[in-house]
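**Student:** First, the structure itself, so that you have it in front of you.
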Amino acid sequence: MAASSRGALAIRGLLRSLQIRAPNPWRAYSGAAAAASTTTTPIDLPPTTTPTPSETATPQQQQPGKSHYRIQAGIILTRAPLLTAEETPFESAFYFYQKRLNERLSMPFVTSVYFKPDTPALIDWNLKVRDREGTVAKELGVYHGKSARAWDDELAAGDPLSSRAAVYDALLRDATMRVSDDAEIIPVEERVAPEAPQSRVTEADRAGDVARLDRALDRTLYLVVKGKDGRWAFPTAAVATDEHLHETAKRVMDKTAGLDMNTWMVGRVPVAHHVVRPALGEDGSLQKRGEKTFFLKARIMAGQANLAGNPFGYTEFKWLTAEELKANVDEKYYHSVRNMLADR
């Protein structure tokens with residue numbers, strides 16, 4: 001017999017002896033449990049007592065059941081921001097610094113790549129660069145990124161050069177053509193300035209019209225409606241037995257604000273919920289059912305809300321920002337939905 005075969009037989013016999021000697025850990029556990037169950041006496045059991053009338057729950061302590069609530073679905077219809085947020089002074093200074101830093105690190109501007117020689121465009125470019133004392137960028141003021149003082153690229157505190165108004169003015173001034181197609185200098189009084197960007201503050205902002213969508217262009221707006229009780233809230237309706245939450249939310253949006261809107265349901269799951277507890281009498285009887293309202297989110301792309309002929313009795317609507325929403329709805333109602341509101 002080979003040495004490997006003899007070794008295998010020896011190891012197999014050793015393993016068998018270890019299995020015989022080692023007790024089964026599960027058998028000892030089950031035996032101990034059985035012994036404990038047989039030695040239990042009635043003395044070990046807790047005494048059975050009958051509660052006294054004073055220990056029974058009073059009607060005021062009874063918890064409302066599921067039948068005490070009405071399930072509702074609401075729609076949070078939002079208009080996304082149309083403009084970027086206003087820059088803070090720090091952001092304006094930071095972006096201005098980045099532009100000057102780019103002026104230092106970029107390669108020299110080669111005019112022959114962008115302009116043909118002896119053309120009106122090249123003459124116009126040379127005139128404007130001369131006014132900027134050689135600075136290629138249009139909105140950085142006088143700054144030489146390749147000079148010995150290129151390190152001095154930060155503005156002093158409060159310098160208006162980095163403000164939005166100064167940038168607009170510099171870009172509009174540079175966009176005005178000074179040379180005609182005949183390569184002649186255009187007199188100042190005959191130069192045609194380009195159209196300036198529209199103001200961020202609209203007519204609706206100035207008039208304080210909260211029913212229009214062209215207001216607060218850099219903020220998210222939320223549609224709220226005024227019910228029969230005079231309270232402002234999101235459009236809401238009870239969920240029918242054959243409906244899902246998103247179907248009820250879509251139905252209440254269509255029947256409340258009309259079909260004159262191009263909308264998009266963001267998802268089929270709620271983003272917030274609000275609970276109104278039921279009113280119980282002294283004897284525990286139900287006086288008024290509570291409400292559990294689940295809100296789903298939607299976006300408006302075009303159109304406007306129209307409450308004419310809605311079956312829910314809504315009389316007015318508003319498009320409000322988050323801060324305005326807090327001032328118009330109940331405190332508990334706002335607390336239930338505040339975590340899903342956008343930052344801006």
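**Student:** Could you tell me whether the range 250-258 includes any residue that is at pLDDT below 90, part of a loop (DSSP other than H, G, I, E, B), surrounded by fewer than 18 Cβ atoms within 10 Å (Cβ to Cβ) and out of contact with any His (no Cβ under 6 Å at 6 or more places or on another chain)?
**Tutor:** Yes, that holds for at least one residue.
**Student:** Which of (1) surrounded by fewer than 16 Cβ atoms within 10 Å (Cβ to Cβ); (2) modelled with pLDDT under 95; (3) within 30 Å of the chain's Cα centre (by Cα) does Leu82 not meet, given it meets every other one?
**Tutor:** Status for Leu82: all satisfied but (2).
**Student:** Search the range 117-131 for residues that are small (Gly, Ala, Ser) and pair each with any residue that is surrounded by 13 or more Cβ atoms within 10 Å (Cβ to Cβ) when their beta-carbon atoms are under 8 Å apart and the residues are at least 6 apart or on different chains.
**Tutor:** Ala121/Phe115; Ala121/Val179
**Student:** When you go through Val136, Val167 one by one, which is the residue that is outside any loop (DSSP other than H, G, I, E, B) and in the same structural domain as Ile186 (by TED's automatic domain parsing)?
**Tutor:** On the way: Val136 fails: outside any loop (DSSP other than H, G, I, E, B).
On inspection, the qualifying residue turns out to be Val167.
**Student:** Looking at (1) closer than 18 Å to Met261 by Cα; (2) in a loop (DSSP other than H, G, I, E, B), find the lone condition where Ala298 falls short.
**Tutor:** Here Ala298 clears every test but (2).
**Student:** List the residue pairs whose Cβ atoms are under 7 Å apart, where the first residue sits in the range 144-162 and is without any contact (Cβ under 8 Å) to a residue 24 or more places away in the chain, the second is polar (S, T, N, Q), and the two are 6 or more positions apart or on different chains.
**Tutor:** These pairs meet every condition: His144/Thr135.
**Student:** Under 6 Å between Cβ atoms, which residue pairs at least 6 apart in sequence (or on different chains) link something in the range 179-194 that is surrounded by 12 or more Cβ atoms within 10 Å (Cβ to Cβ) with a partner that is modelled with pLDDT of 90 or more and basic (Lys, Arg)?
**Tutor:** Close Cβ pairs satisfying both conditions: Ile186/Arg178.
**Student:** To continue, here is another question. So which residues in the range 163-178 are within 19 Å of Ala85 (Cβ to Cβ) and either in contact (Cβ under 8 Å) with a residue 40 or more places away in the chain or not aliphatic (A, V, I, L, M) (or both)?
**Tutor:** Across the range 163-178, the qualifying residues are Ser163, Arg164, Tyr168.
Yes/no matrix, rows are residues, columns are (1) at pLDDT below 90; (2) of a type in the set (A, V, I, L, M); (3) more than 40 Å from the chain's Cα centre (by Cα); (4) over 30 Å from Leu221 (Cα atoms):
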site: Glu139; (1), (2), (3), (4): yes, no, no, yes
site: Arg149; (1), (2), (3), (4): yes, no, yes, yes
site: Ala156; (1), (2), (3), (4): yes, yes, no, yes
site: Ala165; (1), (2), (3), (4): yes, yes, no, no
site: Ala196; (1), (2), (3), (4): yes, yes, no, no
site: Ala204; (1), (2), (3), (4): no, yes, no, no
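**Student:** Just checking, does the range 302-320 include any residue being at positive phi and not in a loop (DSSP other than H, G, I, E, B)? Explain how you work it out, then say what you get.
**Tutor:** If we filter the range 302-320 for residues that are at positive phi, which is where we start, we get 303, 309, 313.
Filter once more, keeping what is not in a loop (DSSP other than H, G, I, E, B): 303.
Yes, the conditions are met somewhere in the range 302-320.
**Student:** A follow-up question, please. Can we say Pro108 is closer than 21 Å to Ile185 by Cα and modelled with pLDDT of 85 or more? Talk me through it step by step, then tell me what you get.
**Tutor:** Values: closer than 21 Å to Ile185 by Cα: no; modelled with pLDDT of 85 or more: yes.
Here the answer is no, as Pro108 does not meet what is asked.
**Student:** With (1) assigned to a strand (DSSP E or B); (2) modelled with pLDDT of 95 or more; (3) touching a Pro at 6+ places or on another chain (Cβ under 9 Å) as the list, and Glu291 as the residue in question, which single condition is left unmet?
**Tutor:** It fails just one condition, (2).
**Student:** With of a type in the set (A, V, I, L, M), in the same structural domain as Ala73 (by TED's automatic domain parsing) and more than 30 Å from Asp205 (Cβ to Cβ) as the only criterion, which of Leu296, Leu286 stands out?
**Tutor:** One residue alone meets the criteria, Leu286.
**Student:** Sticking with this one: Answer with yes or no whether Arg173 is under 20 Å from Thr88 (Cα atoms) and either surrounded by fewer than 16 Cβ atoms within 10 Å (Cβ to Cβ) or outside the structural domain of Leu105 (by TED's automatic domain parsing) (or both). Give the derivation first.
**Tutor:** Details: under 20 Å from Thr88 (Cα atoms): no; either surrounded by fewer than 16 Cβ atoms within 10 Å (Cβ to Cβ) or outside the structural domain of Leu105 (by TED's automatic domain parsing) (or both): yes.
Judged against the criteria, Arg173 is not a match.
**Student:** Val275: of a type in the set (Val, Ile, Thr), within 29 Å of the chain's Cα centre (by Cα) and surrounded by fewer than 15 Cβ atoms within 10 Å (Cβ to Cβ), yes or no?
**Tutor:** Numbers: of a type in the set (Val, Ile, Thr): yes; within 29 Å of the chain's Cα centre (by Cα): yes; surrounded by fewer than 15 Cβ atoms within 10 Å (Cβ to Cβ): yes.
Yes; evaluated as a whole, the condition is true for this residue.
**Student:** Can you tell me which residue within the range 170-183, out of those that are of a type outside the set (A, V, I, L, M, F, W, C) and assigned to a loop (DSSP other than H, G, I, E, B), is farthest from Pro194 (Cα to Cα)?
**Tutor:** So the residue we want is Asp182.
**Student:** If you don't mind, there's one more thing I want to ask. Go through the range 233-244 residue by residue and tally those that are outside any loop (DSSP other than H, G, I, E, B) and crowded, with 19+ Cβ neighbours inside 10 Å.
**Tutor:** Here the count works out to 3.
**Student:** Is it fair to say Met301 is more than 25 Å from Lys332 (Cβ to Cβ) and loosely packed, with under 15 Cβ neighbours inside 10 Å?
**Tutor:** Answer is yes for this residue.
**Student:** When you scan the range 309-320, do you find a residue that is hydrophobic (A, V, I, L, M, F, W, C), within 27 Å of Asp209 (Cβ to Cβ) and modelled with pLDDT under 95, even just one? Write out each step before concluding.
**Tutor:** Going through the range 309-320, the residues hydrophobic (A, V, I, L, M, F, W, C) turn out to be 312, 317, 319-320.
Going one step further and asking which of them are within 27 Å of Asp209 (Cβ to Cβ), we end up with 312, 317, 319-320.
Now restrict to residues that are modelled with pLDDT under 95: 312.
Yes, some residue in the range 309-320 is hydrophobic (A, V, I, L, M, F, W, C), within 27 Å of Asp209 (Cβ to Cβ) and modelled with pLDDT under 95.
**Student:** Something else: Could you look through the range 279-298, keep only residues that are over 17 Å from the mean Cα position of the chain (by Cα) and within 19 Å of Gly74 (Cα to Cα), and pick out the one that is surrounded by the most Cβ atoms within 10 Å (Cβ to Cβ)?
**Tutor:** Thr293
The values are calculated or read from the model by the stated rules, or taken from the named source; none is laboratory data. Owing to the predicted nature of the structure, the values given are computational and were not obtained by experimental measurement. Don't worry about glycine lacking a Cβ; one is built from the backbone with ideal geometry, like all the others, and counts go over all protein chains shown.
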